[in-house]
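Taking it in order: structure first as structure tokens, then the write-up.
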Amino acid sequence: MYTQSLDQQGSKTEHAADAETAEQLAAFQKRVDAEEKIEPKDWMPSAYRRTLIRQIAQHAHSEIIGMQPEGNWLTRAPTLRRKSILLAKVQDEAGHGLYLYSAAETLGISRQQMVAELLSGKAKYSSIFNYPTLSWADIGAIGWLVDGAAIMNQIPLCRCSYGPYARAMVRVCKEESFHQRQGYEIMLDLCRGSDAQKEMAQDALNRWWWPSLMMFGPGDAESTHSAQSMAWKIKRFSNDELRQKFVDATVPQAEFLGLRMPDDDLKLDEASGHYNFGEINWQEFYDVLAGNGPCNKQRMRVRRAAQDNGAWVREAAEAYAQKQAAREAA
Amino acid sequence: MTTDWPLYEVFIRAKSGLSHRHAGSVHAADDEMALNHARDVYTRRNEGVSIWVVRSSEIVASDPQDSAALFEPAKDKIYRHPTFYEIPEDVGNM
């Protein structure tokens, strides 16, 4: 699902004294400029490797944590059909996390280290998952808006210069379209239902719209790693470009539902064909990123508990494997 | 505390008649678990009719630094391609 602002957490020490020659860097850039894919065993600048490890790991963590807000409604989905769909979607998120962890591992970081960094709070995940899912309509809004924003972000990543990441994203994007469509279908059903149901859909839109816009990360002027990531073709479009694309695509979809966007400044600019929209509350974004969103603590508590509660299963499986191997050797 | 389980590379045959193709990788404690994980992670939508898993450590790979020595000798042997030969049109399709 969800990359966002994943270039946010970078340390400023990226241009430490790397023993990389100008020739090596130039040859690497030439390959990237020629749209050649970089593969795991190829030479790459250490900053490229670090940037990708950080971005792919954060992306993977987001998929894993992203199971929680939706998992909240698995046992309370309104019909068996909806429940089967939601279960499949949450399974997909787990799968996406695993594709991405595998891609990150090709860069030389271990799975255990990535998981440890998530659990210790060192690694970040998309801030959108620190908002609560208060009603069933939130499941619709997440699929429609959050997955919709994720698709905007992720489609260009299918052309990322790093081969394993690009290939993982192709697989993710194929599955993501189902996520957005099932969400929009939930919204459609609610909007065609009773007044109370439509009100529920509107309330969900009101709460998810602005956080969805924040998923694209800070504006271009504030975005610290963007220029380098663009040069390396990790990133293909700027945060603001993608955000604008998302707004332009989504506003007519809301109109079709008969819902109001919670933005008084939203207006079609006839000349450019783009929608102008209001100021994003970046303070809220940074607060949530810093750990002070409505659900940050809960998300981490649940994730750590899952890790702890699963320990005996992992230990048993490992003991069994060792025993079988010993028997075969004997 | 458990260790990081061995990494397995996953290859999937999309349908009979096609060869297995690399899909990704999974961690597993043993071969059987690797197959089960590969099935759960990479074939949720009928992507395959057959799965191979192999421990990543068992794969022998060429080094990108040797790629010139390995692959360049084939580059100047254009006579290995059918388009190298000019056959008069009158001969017909060959």
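Annotations for the structure displayed:
- Buried accessible surface for the B/A chain pair comes to about 1800 Å², total over both chains, computed with a 1.4 Å probe.
- Under the Karplus curve 6.51 cos²θ - 1.76 cosθ + 1.60, θ = phi - 60°, whole-Hz ³J(HN,Hα) for region A:271-277, x wherever Gly or Pro sits: 4, 8, x, 9, 8, 7, 9
- Pairwise centroid distance, computed over Cα atoms, of region A:184-235 with region A:292-312, Å: 25 Å
- Diffusion of the protein assembly as shown by Stokes-Einstein, at 10 °C in a medium of 1.306 mPa s and with Rh set to the Kirkwood radius over alpha-carbon pairs, works out to 66 µm²/s.
- Remark: C-alpha extents of region A:222-330 on the principal axes read 79, 36, 31 Å, sorted largest to smallest.
- For region B:7-91: span of alpha carbons on each principal axis (Å, largest first): 60, 36, 14
- Residue-normalised accessible area of the protein assembly as shown, given per residue in Å² at a 1.4 Å probe: 52 Å²
- Chain A - percent of accessible surface contributed by carbon and sulfur, probe 1.4 Å: 55 percent
- Other-chain or far-sequence residues with amide H under 5 Å of A:His274's (modelled H): A:Asp269
- Ordered by solvent-accessible area of protein heavy atoms (1.4 Å probe), largest first, the residues A:Ile139, A:Ile151 come out as A:Ile151, A:Ile139.
- In chain B, the longest principal axis of the Cα atoms and the axis of helix B:31-42 are about 70 degrees apart.
- When the C-alpha to C-alpha distance is required to be over 20 Å, the pairs from A:Lys89/A:Lys174; A:Lys89/A:Lys122; A:Lys37/B:Lys77 that qualify are A:Lys89/A:Lys122; A:Lys37/B:Lys77.
The values are calculated or read from the model by the stated rules, or taken from the named source; none is laboratory data. Values in this document were obtained by computation on a predicted structure and should not be read as measured data. Side chains are part of the model used for accessible areas, which takes the heavy atoms of the whole protein and leaves out ligands, DNA and RNA. Shrake-Rupley method; radii C 1.70, N 1.55, O 1.52, S 1.80 Å.
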